[in-house]
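Take a look at the structure set out below.
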Amino acid sequence: MTLYTSTVRRPPQRPNLWARMGSSILYAIGVPVLLLVIWGVWGTIAPAKFFPSPLTIAEAFVDTWIGPAFVTDVLPSLARLAAAIVLAVVIGIAAGTLIGLTRWLRELLEPLLEFFRAIPPPVLIPVFVALLGVTDQMKVIVIVFGSLWPVLLNTVEGVRSTDSVMTETARSFALTPTERLFSLVLPAASPRIMAGVRQTLSVALIMMVISEMFYSSSGLGFQVAYFQRNYLIAQMWSGIVLLGLIGVLLAVVFTIVERRVLRWYHGIKEVERA
Amino acid sequence: MPDTLLTVDHLKKTYESSTGVVEAIGDIGFTMRRGELVCIVGPSGCGKTTLLKCIAGLLKPTAGSVVLDGKEVTGPPPNMALVFQEYGRSLYPWLTVRGNVELPLKHKKLSKARRTRLVEDALEAVGLSHAGGSYPWQLSGGMQQRVAIARAVAYQPEVLIMDEPFAAVDAQTRADLEDLVRRLHLDRGMSILFVTHDIDESVYLGERVIVLSKSPTWVQEDLHIDLDPQRDQITTRALPRFTELRTHVYEQIQRAKRGEATRPVG
Amino acid sequence: MTTASAIGAPARARRRGRGASAARKAGLGALGIVLFLAGWQLLAITRVLPPSSLPSATDTLATLGGMLQDLEFWRNVGRTMTAWAIGLAIATVLGVVLGGFVGLIPVLRRATHTTVEFLRPIPSVALIPLAILAFGIQLQAALVIIVFASFWQVFVQVLYGVADIDTVARDTARSYGLSGAERLRWLVLPTALPYLMTGLRLAASVALILAITAEMTIGNPGLGRVIFQAYNIGNITTVYAIVIVTGLLGLVVNLVFRFIERRALAWHQSVRGEEAL
């Protein structure tokens, strides 16, 4: 029985730093580890022909890709992918800006652009093979042509819809059209443009995989298809894992870049949500 | 240096429409001397914003002319700065406060050191020296409008044009901002053209109040405000002369709304 | 002139201007298509590339016309759209159930976050060799690919939707003592519905792309397989014609689902902004 009539508020116990770090790590790897364990155990109990255990796959991964194959197959594929992505983004933003800001050009091209965007990108591969033959340039070009539409169309949209008050502000301070383009139009359009870049990245990866698996005689995709045709199951899986890792890498790089470029945009969203 | 800064001469602005021609501005003419604080009031829809846009070179008048510092205005002149009502859409969210204030200076070809000095000076003038690194959307509405004012001040224009800048701000903040405008005018001798729908504000701020008629707009009255230049919110607004003046302006606006005033001929 | 007509006139002017500019837009758009076809025809006729690589526009359109009268073509369209529909349905159900479940239980959200962020970027086409081995050249193989890709679109949007519940609305619901089921019906569902519609639109596009890709690569019957077979025997005109068909199909699917999404968003007012990433 205390002398005080008011309740004494004790601050809630905050778990110490180690406990918090531990819990974060547990959340991060808990489910994946659990899934792998289940898979592994299932594999020993009821082995499925086409689903080797994680350990087997890991072994095959090291055997297959860590070595000369990395240089002969993986690196060229990645190089082509990277080149294609850079080209697609640059062309998409440049052309998108030009088209978005020129009204008659936009109205002229809009139906065509929407149509090209609607074509499932992989069906363009046989077309480009027929047009250009199976060369390294063709492989890059077909990825560019298939994947540039999201970033191009998003740039067109973003560049068109600059806020009128912001535009009047720039005009009232006598900024030249070029200055307006780089200080106002492009930054204002950047959220939309980045959304397009994200889609472009994933389409580019799809194009690389399909074109190499079925229309090429070298590269990472070709290797995976080769393993499948020859029933080299563990190696095939290791190739799939590698492709998955590349996808994840692209996503991570994109997120880092996006968070940096759109820091202000995320900031506004947070303020609005509060 | 000639004393007249701005001359608006027989300004007319019309729009095409399917039923004929709409006269937004009929015939507006007035002059503004260097270092004056002129307020413009009028009934709603009388084309105040259209007038400002014509003066600022954002719209082309159908007839008449605007002459700023001896040169006719055909596009946004480089010695004029605008403060808009919608501060939220006028400041650029990807720039910090400092970045926003500095942006118009960038194309003036000044040295980096000079630019920084102008920016810091402007931020101090509006009382936001501590907020230079923040983003506009992290600040309150009143503070955002101060940033917009700082941006205009740093630009060092001949004339500052403000289009109902405090309409979207709460009353207490508005009082502070009004005093800020007075201070900029008195301490720095800035020429200010201030458009508002708030009659009390126009009398409190202005050395002259121009009352516009309703559409097709012309200058109904050009009133001289003979209050002491040192004003403050409490004492000035309690003066009998203040009440007289505001009542007079109010009556003029009512007449304008009813379309009773007749346009002087010639 | 009175004030009333002075206010109405600019609005009327704008409306008439709008009609004229819509006509101009349609005209220019049609011109663009005509110019493209003409350019294509010119390239083909001047033999910049041989007809085995680049058939003429007229030949392609003629082939297309012929296909439209061929019953087998429409059967293939049906097969493709069936695979698309089944895949989309499965992906949607899975997406809604799992997305809702994970979204509503914060612990699950945190625990599955890394797994989701790791699995999501995996290109489902990388699984094609596995699907061929496991299921052979059948619809099931294609469905695995279609569902794996489309599922994420729905799942992620439902996750966002369920998380976007307005805190004030939620507190109001709680303070009025609404049960869990009632809160689900009156609070969660309406908030998540617009997100679900967006997810559905994105998933529908993705599902079509993968349905056709699967037919091209796995070989189950459908438009994709027609492309593959035509390409192999060198019937390039058919390839081009089917490419056009797939583009048109993609447009139709996109338009239909955009329409559905807009209707759903219309009566859920502007809860969200325009950004449908």
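The numbers here are math on the coordinates, done by the rules we state, and not lab data. From a predicted model like this one, the values you see are computed outputs, not experimental measurements. Positions of Cβ are generated from backbone atoms using ideal geometry, with glycine treated the same way; all protein chains shown enter the neighbour counts.
Name every residue in region B:69-85 that is surrounded by 14 or more Cβ atoms within 10 Å (Cβ to Cβ), in contact (Cβ under 8 Å) with a residue 40 or more places away in the chain and either of a type in the set (Gly, Ala, Ser) or away from every other protein chain (no Cβ under 11 Å) (or both), in order of residue number. Show your work before the answer.
Here is the first cut: in region B:69-85, the ones surrounded by 14 or more Cβ atoms within 10 Å (Cβ to Cβ) are B:69, B:73, B:76-85.
Narrowing the set further to residues that are in contact (Cβ under 8 Å) with a residue 40 or more places away in the chain leaves B:69, B:79-85.
Result: B:Asp69, B:Ala81.
Just to be sure before I move on: is A:Gln228 farther than 22 Å from A:Leu55 by Cα, within 9 Å of chain C (Cβ to nearest Cβ) and touching a helix residue (DSSP H, G or I) at 6+ places or on another chain (Cβ under 8 Å) in the structure I sent? Don't jump to the end; show me each part of the working.
Details: farther than 22 Å from A:Leu55 by Cα: no; within 9 Å of chain C (Cβ to nearest Cβ): yes; touching a helix residue (DSSP H, G or I) at 6+ places or on another chain (Cβ under 8 Å): yes.
No.
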The conditions are (1) outside any helix (DSSP H, G or I); (2) among the aliphatic types (A, V, I, L, M); (3) in contact with a strand residue (DSSP E or B) (Cβ under 8 Å, 6 or more places away or on another chain), and B:Leu95 fails exactly one of them. Which is it? (3)
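Could you grab me the full set of residues in region C:224-238 that are surrounded by fewer than 24 Cβ atoms within 10 Å (Cβ to Cβ) and touching a residue at least 12 places away in the same chain (Cβ under 8 Å)? Walk me through it before giving the result.
Taking region C:224-238 first, the residues surrounded by fewer than 24 Cβ atoms within 10 Å (Cβ to Cβ) are C:225, C:228-238.
The answer is C:Arg225, C:Phe228, C:Ala230, C:Gly234, C:Ile236, C:Thr237, C:Thr238.
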Of all helices (runs of 4 or more DSSP H) completely enclosed by region C:24-119, which ones contain at least 3 residues that are more than 10 Å from chain A (Cβ to nearest Cβ)? C:57-68, C:71-104
Considering each residue of region B:39-68, count those that are in contact (Cβ under 8 Å) with a residue 40 or more places away in the chain, more than 12 Å from chain A (Cβ to nearest Cβ) and part of a loop (DSSP other than H, G, I, E, B), and give that number. 8
Is at least one residue of region C:135-144 at the interface with chain A (Cβ under 10 Å from one of its Cβ atoms), in contact with a Phe, Trp or Tyr (Cβ under 6 Å, 6 or more places away or on another chain) and either part of a helix (DSSP H, G or I) or surrounded by 22 or more Cβ atoms within 10 Å (Cβ to Cβ) (or both)? no
All but one of (1) buried (at least 17 other Cβ atoms within 10 Å of the Cβ); (2) closer than 18 Å to A:Leu35 by Cβ; (3) touching a Pro at 6+ places or on another chain (Cβ under 9 Å) hold for C:Phe148, so report the exception by its number. (3)
One residue from A:Ala189, A:Ala225 being among the aliphatic types (A, V, I, L, M) and either surrounded by fewer than 21 Cβ atoms within 10 Å (Cβ to Cβ) or in contact with a Ser or Thr (Cβ under 7 Å, 6 or more places away or on another chain) (or both): A:Ala189
Taking region A:209-256 and keeping residues under 19 Å from C:Thr213 (Cβ atoms) and part of a loop (DSSP other than H, G, I, E, B) leaves A:Ser216, A:Gly219
Can you tell me how many residues within region A:242-254 are surrounded by fewer than 18 Cβ atoms within 10 Å (Cβ to Cβ) and under 18 Å from A:Ile57 (Cα atoms)? 2
Take region C:219-246 and flag every residue that is at the interface with chain A (Cβ under 10 Å from one of its Cβ atoms) and closer than 27 Å to C:Val93 by Cα. C:Leu223, C:Gly224, C:Thr246
